[in-house]
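Before any comments, here is the structure.
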Amino acid sequence: MELGRPNLEVFADTLLELGQQNKELLVVTSDSRGSGKLVSFGQKLPGQIVEVGIAEQNLVGISAGLASTGKIVFAVSPASFLTARALEQIKNDVAYSDIPVKVVGISAGVSYGALGSTHHSLHDFAALQAVNNIDIIAPADNFETREVIKAALTYPRPIYIRFGRKPMYHLHKRGTAFEIGKAIILKSGSDVTFIATGETVSRAVIACVLLEEQGISCGVVSMHTLKPLDEGIVLDAARGSRAIITVEEHSVHGGLGSLCASLLLQRGLCNPFKIIGIPDEYTVTGSQVEIFEYYGITPEGLAQTACQLLEEETFK
Amino acid sequence: MDSNHRCEKLSLAKLERKSIQYRKNVLSMIKKANAGHTGGDLSCVDILNVLYNYVLNVSPENFMDLDRDRYIHSKGHSVEALYTVLADRGFFPSEELDTLNQFQSHFVGHPTRKVFGVEHNTGALGHGLSVSVGVALAGKMDGRSYRVYTLLGDGELQEGSNWEASMSAAHFGLDNLVVTVDRNTLQITGRTEEVSSLEPLADKFTAFGYAVRTVNGNDVAALVEIFDQAPFEKGKPSLILARTTKGKGVSFIEDQANWHHRIPTDEELTAALTELQAAEEARQVQDGTR
Ligand SMILES: Cc1ncc(C[n+]2csc(CCOP(=O)(O)OP(=O)(O)O)c2C)c(N)n1
Ligand SMILES: [Mg+2]
């Protein structure tokens with residue numbers, strides 16, 4: 001796999017391109033244009049950026065107001081503040097009022113790992129999962145990021161998009177189709193399938209290589225859309241492979257893993273199943289890589305989890 | 001408040017020398033951790049210095065006493081300044097700060113109560129004032145003598161929660177609350193007045209029910225004088241509008257938005273430390289200790 005750029009940069013470049021083509025596109029920031037790599041957007045399209053100051057609730061409310069008049073609005077702020085502090089604005093002014101604001105959470109998950117829990121967003125999937133009428137996307141690589149930003153432009157519903165700031169591996173073949181709500185199968189396998197989202201997908205892909213070396217047949221799904229969940233692909237994966245492992249840069253509660261578990265159990269599918277994410281504890285701090293290592297979100301860690309899960313199943 | 005734990009009030013000359021030393025420590029710490037909020041740290045060093053070495057009756061010995069003064073660091077990103085001062089006051093050995101921002105260190109990039117001496121976890125802006133109001137209100141309820149001090153960034157004031165808390169502070173008549181605003185006129189994107197204007201700030205705070213005083217927030221003597229006067233009015237919360245320079249003390253860092261969280265290069269660190277060293281020597285000559 002070839003290392004690409006940070007999704008954050010791809011997001012910013014795509015937005016600039018789209019903004020140059022469409023004068024109705026607005027970016028709204030809360031002292032976040034630097035962290036959102038939007039300084040150049042602000043310089044080139046000064047009439048299309050609205051700065052509201054350090055005020056995330058205000059950011060989402062103003063975005064909803066702007067968007068209600070037909071403007072195409074991207075509200076951009078660190079995922080942690082955006083989805084915790086401005087949750088009520090997202091719930092009422094965007095989702096409930098059905099205003100198609102594009103809520104963009106930057107530096108998501110543990111991207112700001114060393115800055116502590118105030119700066120982590122390990123709750124955003126869970127919080128928004130329980131809010132009706134907002135879709136949730138976590139692109140895995142540069143391609144998915146670019147495609148979701150393009151799709152968001154004309155997307156008729158409220159949408160939340162979150163990603164991090166480290167360079168990501170390219171995961172997709174040329175010509176891959178992207179559609180919100182349609183997961184992408186990167187690889188199929190009959191022993192174990194990883195259903196992963198966001199910045200963890202590339203780790204699952206490498207874990208597969210390690211497992212195949214041991215003769216274990218592996219699959220990987222990039223579940224870029226958590227809501228609406230591509231149920232068909234999850235069910236197919238559970239029918240086509242013995243074990244399922246979900247992987248996400250989020251609390252193990254209320255995210256991708258919970259969604260898949262709920263779906264599978266209610267459809268009577270009881271595969272060996274494991275949710276990999278950040279456990280419900282005082283989260284360790286350090287770089288994103290260090291935190292991933294600690295919680296086993298590494299190719300080696302994931303491969304080991306897969307082996308254990310398959311072994312437990314054999315001895316059941 | 002005649003607690004015998006009140007810090008031994010340092011002389012102005014000693015306080016001024018401490019500010020210089022703190023600035024050196026902050027810069028070295030940031031360089032070592034390769035992370036930190038340089039501009040905002042240097043901006044508020046003098047305020048923290050006067051608070052911890054002159055005003056607060058807080059020490060490692062009395063930190064569990066219910067009557068201790070409370071300091072809540074609302075502008076949590078300026079954590080290196082707080083850690084520096086707490087280490088100097090003996091809350092923990094300064095060597096522990098070598099682990100700042102490292103994996104599993106308690107010295108996270110924003111204050112947490114896992115660090116002895118920290119009253120409250122901060123880092124998301126716009127929380128400290130409400131929490132301070134709560135602590136001050138409890139003090140009133142229980143008839144305790146402590147005061148509550150908090151420090152806000154000026155950009156931080158854009159968070160609406162501060163104004164909600166301000167209404168409560170005035171409503172409850174919290175004259176045991178002393179709020180300081182680090183008015184350095186900069187936030188990440190640039191000048192506060194260009195990002196989302198705050199002025200007329202003193203008038204706003206007055207209208208919200210504070211007794212307001214303005215001070216040069218980088219002048220230790222002026223800070224001592226103003227804190228000595230607090231509370232400014234019976235029945236009202238006090239607000240100190242501290243006019244500061246972001247990055248204060250190092251000429252090439254001063255008043256530059258891009259130094260918000262820039263890390264000095266090796267050359268810049270050397271130049272900064274040299275400049276601070278010269279300031280320290282000049283200070284010693286002035287004091288007659290050299
Ligand atoms: C709720 C919240 N939103 C955004 C941030 C990111 N942030 C950290 S520091 C900062 C600028 C603060 O400016 P100011 O309050 O003026 O502080 P100072 O100039 O003293 O550094 C911002 C936006 C944050 N920490 N918390
Ligand atoms: Mg400021």
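Go ahead and collect, in residue order, the members of segment A:231-245 whose backbone nitrogen is under 19 Å from a label point 7 Å along the Cα-Cβ direction of A:GLN266.
Backbone N within reach: A:231-239.
About its Cα centre, how strong a charge dipole does segment A:184-314 have in debye, to the nearest 20, once Lys and Arg get +1 and Asp and Glu get -1 at the Cβ? Each step should come with its number before you reach the end.
Working: 7 positive and 17 negative charges, 92 e Å.
For segment A:184-314, the charge dipole is close to 440 debye.
If the only charges are +1 at each Lys and Arg Cβ and -1 at each Asp and Glu Cβ, what is the size of the charge dipole of chain A around the Cα centre, to the nearest 20 debye?
On the way: 26 positive and 34 negative charges, 157 e Å.
That gives a dipole near 760 debye.
Which value, in debye to the nearest 20, gives the size of the charge dipole of segment A:99-179 about its Cα centre, when Lys and Arg are +1 and Asp and Glu are -1 at the Cβ?
Details: 9 positive and 6 negative charges, 47 e Å.
Computed about the Cα centre, the dipole is about 220 debye.
With all pairs of different alpha carbon atoms counted, what Kirkwood hydrodynamic radius in Å does segment A:11-108 show?
On the way: mean 1/r = 0.0770 Å⁻¹.
About 13.0 Å, per the Kirkwood formula over Cα pairs.
From the phi angles alone, apply the Karplus equation (6.51, -1.76, 1.60; θ = phi - 60°) to segment B:50-62 and give each ³J(HN,Hα) in whole Hz, x where the residue is Gly or Pro.
With coefficients 6.51, -1.76 and 1.60, one gets 5, 4, 7, 10, 9, 8, 6, 8, 10, 8, x, 6, 9 Hz.
Give the share of C-alpha pairs in each 10 angstrom bin for segment B:137-290, from 0 to the last occupied bin, in whole percents, shortest bins first.
10, 32, 29, 19, 9, 0
Hey, can you grab everything whose amide H is under 5 Å from the amide H of B:LEU152? Only 5+ residues off in sequence or another chain; H modelled, so Pro and N-termini drop out.
It is B:THR180, B:VAL181, B:ASP182, by chain and number.
Using θ = phi - 60° and the Karplus curve 6.51 cos²θ - 1.76 cosθ + 1.60, what whole-Hz ³J(HN,Hα) does each residue of segment A:14-31 get, with Gly and Pro shown as x?
Karplus-based 3J(HN,Hα) across segment A:14-31 equals 5, 5, 4, 4, 5, x, 5, 8, 9, 6, 7, 6, 10, 10, 10, 10, 10, 6 Hz.
How far apart, in nm, are the 7 Å Cα→Cβ label points at B:GLN256 and A:GLU300?
Going by the 7 Å Cα→Cβ label model, 4.1 nm.
With loop defined by DSSP as not H, G, I, E or B, and exposure as at most 11 other Cβ atoms within 10 Å, which is the longest segment of chain A clear of exposed chymotrypsin sites (Phe, Trp or Tyr not before Pro)? Don't jump to the answer; show the numbers that get you there.
Working: sites that count: A:TYR282, A:PHE315.
Result for the longest clean stretch: A:1-281.
How are the C-alpha pair distances of segment A:101-174 spread across 10 Å bins, as whole percents from the shortest bin up?
Result, from short to long distances: 18, 46, 32, 5 percent.
Run the reach check for B:LYS204 against lysines, Cα to Cα strictly under 24 Å, same-chain hits fewer than 8 apart removed. What comes back?
Filter leaves B:LYS75, B:LYS234, B:LYS236, B:LYS246.
Considering amide H positions built from the backbone, and no H for Pro or chain starts, which residues 5 or more places from A:VAL73, or on another chain, come under 5 Å of its amide H?
Amide H to amide H, under 5 Å and 5 or more residues apart or across chains, A:VAL73 pairs with A:LEU26, A:LYS102.
Report the normalised scattering of segment B:35-139 as log10 I(q)/I(0) at q = 0.22 Å⁻¹, calculated by the Debye formula with identical scatterers on the alpha carbons.
One equal scatterer on each Cα of segment B:35-139 leads to -1.34.
Kindly tabulate the residues in segment B:170-194 with an accessible-area decrease of at least 20 Å² between the chain alone and the assembly of all protein chains, using a probe of 1.4 Å.
By number: B:GLN187, B:ILE188, B:THR189.
Could you tally the net charge around B:GLN104, taking each other residue with its Cβ under 15 Å from the Cβ of B:GLN104, Lys/Arg +1 and Asp/Glu -1?
Numbers: positive: B:LYS114; negative: A:GLU281, A:GLU290, A:GLU293, B:GLU96, B:ASP98.
For residues surrounding B:GLN104, the net value is -4.
How much of the accessible area of the protein assembly as shown, in percent, comes from carbon and sulfur atoms when a 1.4 Å probe is used? Walk me through the numbers on the way to the answer.
Working: 11640 of 23150 Å².
C and S fraction of accessible area: 50 percent.
Using only C-alpha positions, report the orientation-averaged shadow area of the convex hull of segment A:135-278, nm², one decimal.
Values: hull surface 34.3 nm².
It is 8.6 nm².
For A:LEU235 and B:MET167, FRET efficiency with R0 = 56 Å and r from the beta-carbon atoms, rounded to 0.05?
Values: r = 53 Å, r/R0 = 0.95.
That gives a FRET efficiency of 0.60.
Quick one: Kirkwood hydrodynamic radius for chain A, alpha-carbon pairs, angstrom, one decimal? Mind dumping the intermediate values first?
Working: mean 1/r = 0.0512 Å⁻¹.
Here the Kirkwood hydrodynamic radius works out to 19.5 Å.
Around A:ILE278, what is the net charge, scoring Lys/Arg as +1 and Asp/Glu as -1 over all other residues with Cβ under 9 Å from its Cβ? Please report the intermediate quantities before stating the final value.
Values: positive: none; negative: A:GLU248, A:GLU249, A:ASP280, A:GLU281.
Result for the neighbourhood of A:ILE278: -4.
In sequence order, what are the phi-derived ³J(HN,Hα) couplings for segment B:243-249 according to the Karplus relation 6.51 cos²θ - 1.76 cosθ + 1.60 with θ = phi - 60°, rounded to whole Hz, with x for glycine and proline?
Listing the rounded values in order: 6, 10, 10, 5, x, 3, x Hz.
Starting from the amide H of B:THR112, placed 1.01 Å from N in the peptide plane, find each other amide H under 5 Å away whose residue is 5 or more places distant or on another chain.
Under 5 Å from the amide H of B:THR112: no residue qualifies.
So for segment B:102-165, what are the equivalent ellipsoid semi-axes in whole Å, largest first, each being the square root of 5 times an eigenvalue of the Cα gyration tensor? Numbers along the way, then the final one.
Numbers: eigenvalues 109, 67, 12 Å².
Ellipsoid semi-axes (Å, largest first): 23, 18, 8.
Just from its helices, what would the mean residue ellipticity at 222 nm be for the protein assembly as shown, if runs of 4 or more DSSP H residues each count -39500 (n - 2.57) and the sum is divided by every residue, rounded to the nearest 500 deg cm²/dmol? Walk me through the intermediate numbers first.
Numbers: 20 runs with 229 residues, N = 606.
Value at 222 nm, helices only: -11500 deg cm²/dmol.
In 10 Å bins starting at zero, report the fraction of Cα pairs in segment B:137-194 per bin as a rounded %.
Going from the shortest bin to the longest, the percentages are 21, 43, 25, 10, 1.
Ratio of alpha-carbon Rg to the 2.2 N^0.38 Å globular estimate for the protein assembly as shown, to two decimals, please. All intermediate terms of the calculation are to be shown ahead of the outcome.
Numbers: Rg = 26.0 Å, N = 606, 2.2 N^0.38 = 25.1 Å.
Ratio of Cα Rg to 2.2 N^0.38 Å: 1.04.
Which residue, chosen from B:SER28, B:ALA282, A:ALA86, occupies the Cα position most advanced towards the positive end of the dipole of the protein assembly as shown, where the dipole is computed from +1 (Lys, Arg) and -1 (Asp, Glu) charges on Cβ about the Cα centre?
The one lying farthest along the dipole's positive direction is A:ALA86.
Picking from B:ALA170, B:ALA271, B:ALA242, which is most flexible by a Gaussian network model of chain B using Cα springs under 10 Å?
Of B:ALA170, B:ALA271, B:ALA242, the most mobile in the Gaussian network model is B:ALA271.
Please name which of B:SER145, B:SER78, B:LEU12 has its Cα lying farthest along the dipole of segment B:3-287 towards the positive end, using unit charges on Cβ (Lys, Arg +1; Asp, Glu -1) and the Cα centre as origin.
Farthest towards the positive end: B:SER145.
Quick one: give the max-minus-min coordinate of the C-alpha atoms of chain B along each principal axis, largest first, in Å.
In descending order, the Cα extents are 52, 46, 44 Å.
Mind grabbing the base-10 log of I(q)/I(0) for segment B:1-89 at q = 0.11, 0.14, 0.16, 0.26 Å⁻¹? Debye formula, identical points on the C-alpha positions, no solvent, two decimal places.
-0.31, -0.49, -0.63, -1.30
What does the convex hull of the Cα atoms come to per residue for segment A:3-169, in Å³?
Looking at segment A:3-169, the number lands at 96 Å³ per residue.
Report the one residue of A:LEU25, A:SER121, A:HIS170 whose Cα lies farthest in the direction of the positive end of the charge dipole of chain A (charges on C-beta: Lys and Arg +1, Asp and Glu -1; origin at the Cα centre).
Comparing the listed Cα positions along the dipole, A:LEU25 ranks first.
The values are calculated or read from the model by the stated rules, or taken from the named source; none is laboratory data. Quantities reported herein were computed from a predicted structural model and do not represent experimental measurements. Note that we place each Cβ from the backbone using ideal geometry, even for glycine, and neighbour counts take in every protein chain shown. Please note that ligands, DNA and RNA were not included when accessible areas were found on the heavy atoms of the full protein model with its side chains. Shrake-Rupley method; radii C 1.70, N 1.55, O 1.52, S 1.80 Å.
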